[in-house]
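Notes to accompany the following structure.
The values are calculated or read from the model by the stated rules, or taken from the named source; none is laboratory data. It should be emphasised that the depicted structure is a prediction, and the values quoted were computed from it without experimental measurement. Glycine also receives a Cβ, built like all others from the backbone with ideal geometry; neighbour counts cover every protein chain displayed.
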């Protein structure tokens, strides 16, 4: 039987543990704890990906520094003018400088002229100059319509001449997270109460040919969603920061990088800049300070600022901006993962828990990666792992603690079982030991131990002075009835179950450590149940042995027990006295005992055949000089037998006397009846009497005489069947049934009745008396014919029943038998009287004869009948 209570307890414990862990982890999440570890765990999402090949970097690298000096701001401005001319002539789409020319130089005019010249080109190149703030931490914007932004009060920007000549300017600063890595880019910049955009966003919009003055109308903010274009939206935080993706790592660079020097010296392939976004900044320089940690770098290598901007612009180009989980989503994830891990772990062993934990962690990473790839959602992996790990680790710890506790009282329970076994199955010695163990578990708690004897509960031991009236009786009775533990307040009732039988109930007033105490009492009841069951069975066996001995000793009839080979096992003195010169133990089997005492060979063969069938049977035998009714009954499935011989010598003599008297009386009655019937027939043949009333009297005399003659014939038939030839032979019941049906076909045709006969194809052989069985069949068939009206239907079916018997069914759709008459139907001379059957002749002996024949052949008969619908008789006889 399933331990529903235990399963519920494990489920409840898992839910409580999971919710407790979820609450604790949620508080840690809200407090911002482990933020550095959260960010580090999420770095697993950042892997390389193909780029659009629309971004090229012009690097101010070590070769350029070697050629033109260590500080790019000190280089001749004419070099930058040459770069602008070269990129403009190469038809670059956008050129963005990650450099700030804040100081004015006489050579600035060369840059301005180069910009003016570029504007004259048919597909002119757009130029973006950088602006930088001076605050180490972002300050929230104060613009009324753009609260999600960063405020800059004293920006570092190009000199006024270059500012006027530039197409666009963009805010170039980035702000690291707590682990110093760059994950987010600014978007909206409040520069002295005027709205500006970040460097990457400005460069992206410039590549779309959106004029500077239209950018503020194109870029709109809706809640936490920044609409850059109708096709590009990014999710921003309170400071307008959005999460970029990384397509390359500091080692695996995906963006083309061309040296500044190679372009100036004419050594670069300028076709690679056509219609591209070109970023100019410091890169590939060992001593550069413009390098930062990035989440895509597992080795800790730094990435240059211009490469970070390239990844941000590529994120906008491919519309792959990332978004983090919302707080409700993170909390829901923690709750679901914690509860799932705790409940799942509650049903498993510790080593399975570890496997489950590993599988859950892997599944969490796979699901998070799938969400990141599909919807660019960054899952908080650290708290997902914690939510999956903490409940399982706590459950493993709790299981280890519980295992230590279990082993402590497992020894105690084992000792209890050993002590029970030492009592040699005496239940009176066992109950006090159980009570002592319960006292140790309960530590002073009151209670009782009750023995169950059927529906009765009896107090067999009091615990700590608890009497019969100190405990709630109803919980003991309920525990007995349902076979499960019952709690009522502090009282606890535990049934002592074994194989769905309640052998006792332990009732305890649990005052200390309720859960532990109840569990210990349950374990004790479970462990001692087999010992108590064995003791009770031993007690019952002793009682049965005494009862059996008493039966064998005091039974007034001769009785003998036989093994499966019919060898004598045990007998009483009365049986031994039947043949004192030849005791039963001198014979090889019971058949030999019967043979020595004069039983005829044909009757011995019949008795051996009945023993072989293996069902209860009865026979009348002549044993020595007396007559006995022998009843042989098998003992369950052991194939052993009990045989009882009841002395019916006097009854047999009286039966013979009765038979002789009946035959004499019947013979004396038949002669005058024959004359009466003969004279009435003569009168009828001569045309009857002239007086109509007298003629009616003659007819009634004839009918009454024939009824009396039928009764006398039935009585003689019944006595002849009972005391006549009992010789048995092998009979095919199906074949015999066909013969009987053929014999009575004219009767059915006379009433226009349909007779359907169905007989199994295989022979169905029984050991029986031909005359008796054929008479039994004839009686059932003629009854169906008589009690079915004209144009009715009678069905006969002979088939095996699958249990070693042949089943004979006779079914009609006649008048039927009222339910209150069915119990008396097989009584001699009983007839059912209804309006439909009042005029049908009969003696009431036919079915009595049928039942007598069937019982003689160790068969059985029953019927199903509904008044007005018909009757079905069933007969079963044992097959050979």
| Output for segment 835-849, where each listed residue is at pLDDT 70 or above and touching a helix residue (DSSP H, G or I) at 6+ places or on another chain (Cβ under 6 Å) | 840, 845, 846, 849
| query | Got a sec? Which of 521, 505 is touching a strand residue (DSSP E or B) at 6+ places or on another chain (Cβ under 7 Å) and either in a strand (DSSP E or B) or at positive phi (or both)? | reply | 505
| query | Which numbered condition trips up residue 45, out of (1) modelled with pLDDT of 85 or more; (2) within 30 Å of residue 96 (Cα to Cα); (3) surrounded by 20 or more Cβ atoms within 10 Å (Cβ to Cβ)? | reply | (1)
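Quick one: which residue in 705, 724 is within 20 Å of residue 773 (Cβ to Cβ) and either at pLDDT below 70 or not assigned by TED's automatic domain parsing to the domain that holds residue 607 (or both)? Show your work before the answer.
On the way: 705 fails: within 20 Å of residue 773 (Cβ to Cβ).
Unique residue meeting the criteria: 724.
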| message | I need every pair where a residue in segment 1-25 that is under 15 Å from residue 390 (Cβ atoms) and in the same structural domain as residue 342 (by TED's automatic domain parsing) has its Cβ under 9 Å from the Cβ of a residue that is at pLDDT below 85 and not in a helix (DSSP H, G or I), sequence separation at least 6 or different chains. | response | 14/347
| request: Report, by residue number, each residue of segment 309-332 that is in contact with a helix residue (DSSP H, G or I) (Cβ under 9 Å, 6 or more places away or on another chain), assigned to a helix (DSSP H, G or I) and surrounded by fewer than 22 Cβ atoms within 10 Å (Cβ to Cβ). | output: 317, 327, 330, 331
| Matching option when the condition is more than 20 Å from residue 371 (Cα to Cα), out of contact with any helix residue (DSSP H, G or I) (no Cβ under 8 Å at 6 or more places or on another chain) and buried (at least 18 other Cβ atoms within 10 Å of the Cβ), among 304, 259 | 304
| message | As an exercise: evaluate residue 299 against (1) in the same structural domain as residue 173 (by TED's automatic domain parsing); (2) free of Cβ contacts under 8 Å to residues at least 60 places away in the same chain; (3) part of a helix (DSSP H, G or I) and give the number of the one condition it does not meet. | response | (3)
| field | Residue match in segment 786-795 (condition: touching a helix residue (DSSP H, G or I) at 6+ places or on another chain (Cβ under 7 Å), buried (at least 21 other Cβ atoms within 10 Å of the Cβ) and under 23 Å from residue 818 (Cα atoms)) | value | yes
| If you take the residues in segment 371-393 that are farther than 12 Å from residue 354 by Cα and free of Cβ contacts under 8 Å to residues at least 60 places away in the same chain, which one is nearest to the chain's Cα centre (by Cα)? | 384
| request: Examine segment 758-765 for a residue that is under 56 Å from the mean Cα position of the chain (by Cα) and over 27 Å from residue 615 (Cβ atoms), and state whether such a residue exists. | output: no
| request: Among what's in segment 552-572 and is out of contact with any strand residue (DSSP E or B) (no Cβ under 9 Å at 6 or more places or on another chain) and modelled with pLDDT of 80 or more, pick the residue that is farthest from residue 639 (Cα to Cα). | output: 567
| field | Any chance residue 371 is in contact with a strand residue (DSSP E or B) (Cβ under 6 Å, 6 or more places away or on another chain), in the same structural domain as residue 17 (by TED's automatic domain parsing) and surrounded by fewer than 21 Cβ atoms within 10 Å (Cβ to Cβ) | value | yes
| field | Count of segment 446-474 residues which are under 11 Å from residue 506 (Cβ atoms) and not in a strand (DSSP E or B) | value | 1
